[in-house]
Every structure is written in C-alpha cells, then in structure tokens.
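Inspection log for the structure reproduced underneath, given as structure tokens.
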Number of protein chains: 2
Amino acid sequence: MATIGDVARAAGVSRSTASYALSGKRAISEEVRQRVAEAARALAYTPNAGARALATSQTMVLGLLAQFYEDEFAPAMMQYIRAVSDTARTLGYDILLVTEADGARALRRITDSRMVDGVVLLNIAEHDERLPVLRAAPRPGASVGLPADCSGLDVFDLDFEEAGRVMVDHLHRLGHRELILISQPEHVVHRGGAYVWRLRDAAVQRARERGVTLHAVYGESRQPAVGRLLNTLLDTYPSATGLLLNNEAAAAALPSVARARGLRVPEDLSVIGRYSDDFAATFSLPYSFIESAPDRLGSMAVRHLVRRVESTTARDEPYVVRFISPELVSRGSTAVPR
Amino acid sequence: MATIGDVARAAGVSRSTASYALSGKRAISEEVRQRVAEAARALAYTPNAGARALATSQTMVLGLLAQFYEDEFAPAMMQYIRAVSDTARTLGYDILLVTEADGARALRRITDSRMVDGVVLLNIAEHDERLPVLRAAPRPGASVGLPADCSGLDVFDLDFEEAGRVMVDHLHRLGHRELILISQPEHVVHRGGAYVWRLRDAAVQRARERGVTLHAVYGESRQPAVGRLLNTLLDTYPSATGLLLNNEAAAAALPSVARARGLRVPEDLSVIGRYSDDFAATFSLPYSFIESAPDRLGSMAVRHLVRRVESTTARDEPYVVRFISPELVSRGSTAVPR
DNA sequence: CGCGATTGCCGAACCGGTTCGACAGATCGC
DNA sequence: GCGATCTGTCGAACCGGTTCGGCAATCGCG
C-alpha cells in the first residue's frame, strides 16, 4: 500500500508538503498541488486510518451500543441502528457496533482505547449501568431513552407522557368513557423500561381528570399468551369501547383476535397503538398509532453528538434532554362509540 | 489519559519493558511485571487503539457490510448482524457496521484505509458489485450468500437446492402428489437473489423425478397483496394438498388466511416454510420449517474469516464454498393428505 | 576459576500520518 | 536600492504503541 511518503516522492516534494497539498490546510502552489493529487491518484493512495487517528486524535468513528432483550421486538432496534448508521455516514462518520451483553464494560473499552470519537447508547434503562461509565468517559455521548438521572447527559426520547395523554384525549373527545390500556409486561418495568409507566401513569391521570374509566394492565410479550390476554380483557370489560396499546405484541395479535371474536374496528372497538411505522408495515397493522419515530430519534442523537464532537464550543454547552412530541398517525381505527 | 510512557515512568522502567511486561512477549522478572501491572492499574491505563493499529497493522476490528432492501424482512438482517457481532466479540474483535447504499465504495473505503482486518459481506447478490472490490482488497473477506462466481472468495450459505428437495421429498413420502410452492417476488430474483431460484429449480426437478405436480409461483412481499395471492392460489389449485413457502411474508400471512377459509393445518393442508427460528417466534408461526440459520451462518463466516486474518498459513489456504445443510424443524404442520 | 549461555532490561527505530517553526525567494512599498 | 512582508516548501518533532538488537549481570559447567 502507498503511504504519503510514496506520494511525496512520486511528486518530488516533502511529506509535509504532500500532506498540506492534500488537506489544503496551507497555501500550496497550484502546480505542486496538481502533481501531488496526480501522484496520489496514480498510487491509489488512501490515508491509513490508524496513523491519522494517532496524529489527530480523531477516529471519525462513533460507537453504537445496542442492548438486546429477548422480549423486545428486534426490528425496532434495527430501525434505530439504521438511522444512527445512515446519519453518521452522511456526517462522515463510521459506526462501531457493540452488542455485548456487558454494555458498561464495552463502553469503557471503546472510549478508553480511543476507538471512537463519541457514543450513542440505545435502549436506556431507568438506572442504566452504562451511564456512570459514560459520564466518566473521555468522549461525549448521546442517550436514546430517558433515565432517572439525566445530569451530565444528552438525552433523546419520545414524550411518552404526552403520548399517553394524546391517546386518552383523542378517545375522550370522540365520546369514549371506558378504555383499556395494555402496557408492556411488568418485567420490562422492573428491568428499567421507564417508558412503560411514563405513558401509563400519564394516561391514568389524564383519564381521571377527564372522568374516563381506564383499565390499565400489564401485558405479555409473546403469542399465544398475549392473545389469551386480549380475549380475557375483552371478556372482563365488555363495556369498554376503546383499546390503547403500548405493547407491540398485543398490537400484532389483535387483528386475529378481533376477527375470531367477530369484533369490528372501529365500529365495536376503537384502537390506538404506539409503535413505529415500520412495525405497522411489517405486520400490516390497520390501527391508528402514535409514531415512536426511531429514525428521527436516532438521527437527532447523532447530529447532536457530532456537534459536540466537532466543535470545542459545543463541547461545553449545557446538556440537553429533548423529547419528540408524539404524532398520532390516523388509520381510521377510532370512531364515536356505539 | 495515561500512555505506556506514564506507566513505565511510574513503574521505574523503560517503555519497552513496560510493553513487554504487559504483553508477556519476552521474559520479564516477576517483580518488575508486578510493578508495571500495578502502575497500569493505578493509572487506569488503556492502550491507544490507533497507535497499536499503526504499530502492529492489526485493528482487531472486522467490517460488516449489510445491504437493506425495502421488501426484505429487516429482522432477518438483524439476526445475521447479531450473530456476526457476538461471534466477533468472543474472538476479540469489534464490528464496524456499514449500511451505506453504495456497498462497493464503502468496502473500498474501509479496507484501503486499514480500518478493519477483514470484512463480512451480507446479502450477497448473484452478480454483487462488491465482490470485485473484495477480491482486489488488501484484506480478507467472507461472503454470506452465493454469488454466480465464487472464485477468490470464501462463501457461506444455506444449501437452498437441498432445502427444495427436502421439502418435496418430505411431502412426497407422506403421500402428497400435488403441491404449491410460493417463492419470493420475482423482482428479488432480478435483483440477484439467487436463493429464490436455487430452491425453486431444485424443488421443481425433484417433483418431476418423483412424479409430483408442483405449482411454482412467485409471491408478493407485503400484505394485503400476499394474502390475496394465497387465497387465489388455494382457489386455483383446490386439489393441492401441500404448500411450500420460500417467502416470509406469505408464511406470516397464512395463519389468518387459513382461519378465514376454515382451512385446517395439517388436516386439510400440509405446510412447510423456510425461515429462521427467530422469525417463527416473532410471528408465532405454527408450521414445520427449514431453518435458515442466520446465526450459524454468521458465526461460521466470522470464524473462518478470523482464521484467515490471524494465521499466515490459513491466509494462503484455498478458498472455500460451504453450505449449511437444511434442517427440517417439525411443528406438526404436515400429515398424510386427505 | 574462567568461559559461554541465559536472563532481564534498555535504547532506538519504526509504523504513517499531521503540524509547527524556519527559511529561501519573490513581491512590495518607500 | 533596501528592508519588510508574503508565499511556498521543507525538516523535524510528535502522536503512542511494538519490536529488534545490544548489553550487563547472573548462572551453569568443566
């Protein structure tokens, strides 16, 4: 492989001149610049990333820490990853993907060894063990998901509280007075999935304010358990006219349950979900839903992170906690109750 | 951050001694080794990855080139990615994930700049434009998916031909004489998805050999089109007693179609799919299927790649094309025909 | 006791870039 | 015509590791 020394020799200049000619960081005569460029082209010169990283202490790589859980919908994670990766690339960065179970150790490894200029953390738990590591790390980071303590962090998440209120308000306005909310399984909460109770608590409170009866239950994450649960709930609360789903598995299972029961949506039951458009497409879900926008969140986190990485002034700006406001995508699955 | 110079000074030895003490590549007295280890611990020393890469010309990073298509099931890609990432980590490597649309250019970029020690290419098309780049690259690679020309490549794939034969044989042995095979949409073939016709052609031929009638059609990749197609086919070939699915979307849509038609599996219709166990779990599919084993394929590709990367003798071994033999996972969805 | 082999450490070079200071030659103003 | 400024290039140092050759001090052995 050709080094910058080879290029310099071929162009008849010194290494430093070759470097300046290629980077344009100092004035170089047009004639020399051309000779160097030509030599670089002819030798198929590509700078050695390690050497450059060593000299500039910039790797142009961002770490991406994904966290997988058995009971979570893998494609959702995929959407985050794609958004982060694509946005990073348009900003000139590559992605070091880390799927290690021990996220804290992995984070320490890639930041301490200077493999990355910054990190994006996905699937943040309420008391995420990676966060202390991130705060102490020599590299900036961006978290997707809301932890209990946001100090010293840039945090990006959907506004799940508002999502809960929007769901309740929407059905309340249509005249519904008794609703069912199916959340993720309770163990997701125990694991630190704060978004579950954030949406739930806000919905419960808003329902109380509006005089709406809300049956809030924790669901299951798999078939056939989640199908059975749907049936049980619909049997238990026959007078409920609206169903809110903060549970992907339940949303995916609902069409067949509804069909089996001869239940028409929205004539007999109004339905609002909370998931990503990609999820809706994969399962062909015919329900109105709150878009959880993994692509926007991922992209936002990366842009913010890169700003901090690249600008010394941005590096010292105060940390931000930024919420995406929930957007209700209508698919016609809500109506005035019978 | 502490450098090895800091560690050496703290331990009262030279940089080279510190290096040897930490790597163990030369004999070092136990006492000095301890002093150095202690100093490294105290200073929280972590070697600078760029510097090490420069010195050793090894980055301990593998590139992973994923290719996304609208009509493909994203979670499947996710399974490959996880398998590759997890296997790489157990072997001491990190993963540079590249999702760029222009895969050939991305591949050139990461190999020429020496960011990675090797690359794994996913979703290989029949005439994949990344392959010429890989062959010319200064780094070894492993391809998952079978291209038309395997020369100069290590290739790993499911044996789709055998999968087609296994499907046909299984139902033939049970007594079935008329089958339907739904493949991926035809445009997947045009894009270079060779696995589609590889399974199809082998199934067609085996059916001919066995005297079985096989209606082989290209399917759709989305609801509701794929649901309509299923209904049409079942109407068109009412005497068919077996259904073979090399099409994830069709498999996912089948349960509700069957229920709507009052079709019992396997009493009225025997069904065999071809997908991953993860896909089966996500959609709770109750069908026997040929496991497409993305985890095994990904893991295998990485292990082979790492062997080539690490051993100079392995580097010159002949290239391999390795097929995983299809495994039929029984879920009781096949039986003797009416 | 003397000599060669072994052990344990050090100094220096190297990997391949970037960047700072210096300097020669051209240009300018007065 | 001379000093000051500007322009374009070079040499050297540096980033932070690894590794080779060399050199004492110690050891084993006849």
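Any read-out appearing in this document is the output of simple, stated calculations on the displayed coordinates, not a laboratory observation. Computed from a prediction, not measured in an experiment: that's the story for all the values here. Reconstructed Cβ throughout: ideal geometry from the backbone, glycine too, with neighbour counts over all protein chains shown.
Comment: the Cα-to-Cβ extended label point of A:Val32, at 7 Å, lies 4.6 nm from its counterparts in the other copies, nearest first. Karplus-derived 3J(HN,Hα) values for region B:152-162, using 6.51 cos²θ - 1.76 cosθ + 1.60 with θ = phi - 60°, are x, 9, 9, 10, 10, 7, 6, 7, 5, 4, 4 Hz; glycine and proline are entered as x.
Hey, what angle do you get for helix B:294-310 against the long axis of chain B, alpha-carbon based, 0 to 90 degrees rounded to 10? For B:294-310 against chain B, the angle is about 30 degrees. When +1 charges are put on Lys and Arg Cβ atoms and -1 charges on Asp and Glu Cβ atoms, the dipole computed for chain B relative to its Cα centre reaches about 680 debye. Once C-alpha pairs closer than 8 Å and six or more residues apart are averaged by separation and normalised to the residue number of region B:32-119, the relative contact order reads 39 percent. Given +1 on the Cβ of Lys and Arg, -1 on the Cβ of Asp and Glu, and no further charges, what dipole in debye does the protein assembly as shown carry about its Cα centre, rounded to the nearest 20? It works out to roughly 1060 debye. Would you please give the FRET efficiency between A:Thr56 and A:Val329, computed as 1/(1 + (r/R0)^6) with r the Cβ-Cβ distance and R0 = 45 Å, to the nearest 0.05? The pair A:Thr56/A:Val329 has a calculated efficiency of 0.55. Distance between the pseudo-spin-label points of B:His190 and B:Arg26 (7 Å out from Cα toward the beta carbon): 6.5 nm. Determine the shape class of the protein assembly as shown: with a ≥ b ≥ c the square roots of the Cα gyration tensor eigenvalues, call it rounded for a/c under 1.5, and otherwise prolate if a/b is greater than b/c, oblate otherwise. Oblate is the answer for the protein assembly as shown, as a/c is 1.5 or above yet b/c matches or exceeds a/b. Starting from the label point of B:Ala314 at 7 Å along Cα→Cβ, the same points in the other copies fall at 4.1 nm, in ascending order.
How tilted is helix B:30-42 with respect to the longest principal axis of chain B? Cα atoms for both, answer in degrees (0 to 90, nearest 10). So the inclination is approximately 70 degrees.
Angle of helix A:194-210 to the longest C-alpha principal axis of chain A, folded into 0 to 90 degrees and rounded to 10: 40°. Our note on the geometry: Cα centres of region A:55-69 and region B:266-312, 29 Å apart. P(r) tail, region B:4-47: Cα-Cα pairs separated by more than 12 Å, 47% of all pairs. When the square roots of the Cα gyration tensor eigenvalues are ordered a ≥ b ≥ c, the ratio a/c for region A:160-292 is under 1.5, which makes its shape rounded.
Working from label points 7 Å from Cα in the Cα-to-Cβ sense, the A:Tyr237 to B:Ser239 distance is 5.3 nm. The GNM of chain B, with springs linking C-alpha atoms under 10 angstrom apart, assigns the highest mean-square fluctuation among B:Ala225, B:Ala281, B:Ala11 to B:Ala11. Taking a point 7 Å from the Cα of B:Asp268 along the Cα-to-Cβ direction, the residues of region B:210-233 with backbone N closer than 18 Å to it are B:227-233.
With both labels modelled 7 Å from their Cα along Cα-to-Cβ, the A:Arg228 to A:Arg261 distance reads 1.6 nm.
A point 7 Å from Cα along Cα→Cβ stands in for B:Arg259, and the other copies hold the same point at 0.7 nm, listed in rising order.
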